[in-house]
Amino acid sequence: MHRNVRRAAIAAALFQMFTSSAAHAADDAAIVVTGTRQQMRAAESLSDLSVVTREDIQRAGQSTLAELLQTQPGLEISSTGGPGQPATVFMRGANGAHTLVLIDGMRVGSATLGTTAFEHLPLAAIDRIEILRGPASSLYGSDAIGGVIQIFTKRGSGPIAPNFSLGYGTYDTWQGSAGIGGQTEGGRFSLQAGFVDTKGFNAITNDQNFAYNKDRDGYRNTNFSGSFALNLAQGHELGGNALYSDGTTQKDALQCDPFFFACTTDYDSKTRQTVQSGNLYLRNQFTKIWASTLRIGQSTDDMADQRLDPSTNREFKDTFRTTQDQVVWQNDVTAGPGKLLLAAEQLKQRIASTNAYPVTQRTINSLLAGYQGWFDKHGIQVNLRGDSNSQFGDETTGGISYGYQFTPAWRLMLGARSAFKAPTFNDLYFPASFFGAGNPKLQPEHSQNREGALVYDTPRQRLSLTLYRNEVRDLIDWVETPPGSWFYTPTNVNRALLTGATLAGSATFGNWQLRGNLDFQDPRDQTTDKLLVNRAQHYGTLGADYRAERWQVGGEVVGSGVRYDDQANTITLGGYGIVNLHGQYAIDKGWNLFARANNVFDKRYELRRDYATAGANVFVGVRYEPQ
């Protein structure tokens, strides 16, 4: 524990230095929902929660969603190449599959892999992102051991008007979007379409890698999104949201015959993946104290690996499709100075594949309750949830958070929460092969988390220091059974301890705005006492922006310490620091020229062993978006 005490002391010292000298314009009136499932002011939240705004997204230029998330507190990324290549997000040191992703309240992701295709979610369709760090199964059920990332697509506001963006950059990258939206007395709407087309770069750098193929691995994406809301009567609204994204990624791959007598990389290999999410909702304010929201939706994750042998013109194709049908009925009841939450959910997950799974669907029925509110200087949030899964039975999770407002600026928060993650269909039922098979006797993974936070919040500055300890047990690992057999089956054998400290804040000095975060963590396998794969013990971001009448310029440094690419901690991925610059110039009302330069010093580094990352690259464009 001495390592974490030392890191906490360093973070505390930085926290004190920042609060004694910085000034920041914080939007305390911002409304967030992910930390409680109810609308509340960000300044009253008892969760470790942050928001990525539309301005942050515009500043990201041609960067991917994963790269944007990498600049946020408590988040690391790992990817196997450039745009469109699979990307993993680690939250507070937890596994990639331990982050639940929602789009407009609906679950998205693969029920076979257990992860979400961040690489195919387009920034052009996103209005804002809320990031809830720490276990949240008592609010959202399975998967939220590390936390929750909720994406909100664009919504119409203000007078009806079009928007437009088009840019070009390194690696022959074209990116554009166009749409229209607005608001009237009867409601609001938004329609958006976008595309990305890049020739990319070779995903694998090591020519000794068995899948190496010397070519450029490009990526194409088309995407559409829309939303509407109709005011049926005072306090009654009917609405809906939809997102469609279709991405095709060229990749390096190895094709072998069933007995590995012959292998070749001379294949046109690509992955096409479609991510869709849509829902309809009916919101009714029945009385002054009772509001009801009924939401019905569906999401799909449809992936096809395609390989064409140019010598025989024979095509190989593997498909994996996940469909998630969701119904949520939530009731918000004003009770004293706070709000009571009562909700019921049903989630039906179905898979279809060219592989023959013995079980292809499951149903989860859930009930949840909660209460959150402030009593003078004391804040409290309590949540309890029960999930009944047709595969492995019942799970109950809970959470409690307490806040004390010492002064108008200083607040202390303490919390304890439990969480779980259901096994994937691959874990349970992957068809038996020469190398292994799923295990239908698997049980869910579980975690117990305790955390505390100190927050300094004034109209001119906001900083937070958060300490956490998350014990994860029953972790699923594919184990060679019996040893030496080369036959692998998943079992609930591992335990992990995730401890750390996160310092985050931002400040303004006249026309200057500063932002930054620093994470110290120790995500460790308790069985082997080794660090978890692809996770650093320290990482962070420091950025600055300068605003003039028509100009806005800025930059950021993104850095990470050493990581390991294997469980034994013998294969090292070096630490790195990259510098990004951005700027925009207001040509006329609503019209802006923008530019972004990533990795300006052409730093060579790896997020996964043998896989490339982008070198120095530039992207420039023009944007029209009425204010």
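Since every read-out is calculated from the coordinates, none of them should be taken as a lab result. Predicted, not measured: the structure shown is a model, and the values here were computed from it. Glycine also receives a Cβ, built like all others from the backbone with ideal geometry; neighbour counts cover every protein chain displayed.
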Subtracting the Cα-Cα distance from 0.36 nm times the residue separation, let me have the gained length for L238 to E471 in nm, one decimal. 79.7 nm
Using a basic spin-label model with each label point 7 Å from the Cα along Cα→Cβ, how many nm lie between T53 and F435? 4.7 nm
Out of the DSSP beta bridges found with both residues in region 2-624, what percent are antiparallel (nearest 5)? 100 percent
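In region 284-381, which trypsin sites (Lys or Arg not before Pro) fall in coil by DSSP and have 15 or fewer other Cβ atoms within 10 Å?
Passing both the DSSP loop test and the Cβ count: K288, K377.
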Would you mind getting me the FRET efficiency between K288 and K589? Use the beta-carbon distance for r and R0 = 45 Å, nearest 0.05. 0.60
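Tell me, what is a quarter of the convex hull surface for the C-alpha atoms of region 34-77, in nm² with one decimal? List each step's numbers first, then the result.
Values: hull surface 15.0 nm².
Taking the Cα atoms of region 34-77, their convex hull projects to 3.8 nm² on average.
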Between A335 and N231, how high is the FRET efficiency from 1/(1 + (r/R0)^6) when r is the Cβ-Cβ distance and R₀ = 41 Å? Nearest 0.05. 0.90
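When the Cα atoms of region 73-165 are enclosed in a convex hull and the volume is divided per residue, what value in Å³ results? Let's see the in-between values first.
Values: hull volume 11.4 nm³, N = 93.
Considering the Cα atoms of region 73-165, their hull volume per residue is 123 Å³.
Within region 400-429, list the trypsin sites (Lys or Arg not before Pro) lying in a DSSP loop whose Cβ has at most 13 other Cβ atoms in a 10 Å radius. Show your work: numbers first, answer last.
Values: sites: R411, R417, K421; in loops: none.
Hits after loop and neighbour filter: nothing returned.
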Sum -39500 (n - 2.57) across every DSSP H segment of at least 4 residues in the chain, then divide by the residue count to get the 222 nm mean residue ellipticity, nearest 500. -2000 deg cm²/dmol
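What is the extension gain from V618 to Q567, computed as 0.36 nm multiplied by their sequence separation minus the C-alpha to C-alpha distance, in nm to one decimal? It would help to have the intermediate numbers written out before the result.
Numbers: separation 51, 0.36 × 51 = 18.36 nm, distance 3.61 nm.
Stretched fully, the V618-Q567 segment lengthens by 14.7 nm.
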Aspartates and glutamates whose Cα lies under 15 Å from that of K421, excluding same-chain neighbours fewer than 8 positions away: D143, D387, D394, E395, E445, E471, D474, D477
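Let me check against my output: what whole-number percent is the relative contact order of the chain, with C-alpha pairs under 8 Å and at least 6 apart?
Numbers: 1811 pairs, mean separation 80.7, N = 627.
Relative contact order for the chain comes out at 13 percent.
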Suppose every K and R has +1 on its Cβ and every D and E has -1 on its Cβ; what is the size of the dipole of the chain about the Cα centre, in Debye to the nearest 20? 1180 debye
Using +1 at the C-beta of Lys and Arg and -1 at the C-beta of Asp and Glu, which of Q175, Q443, S138 has the Cα lying farthest in the positive direction of the dipole of the chain? S138
Of the listed values (1) 44, 25, 23; (2) 48, 37, 26; (3) 35, 30, 27, grab the one calculated as semi-axes √(5λ) of the Cα gyration tensor in Å from the structure here. (3)
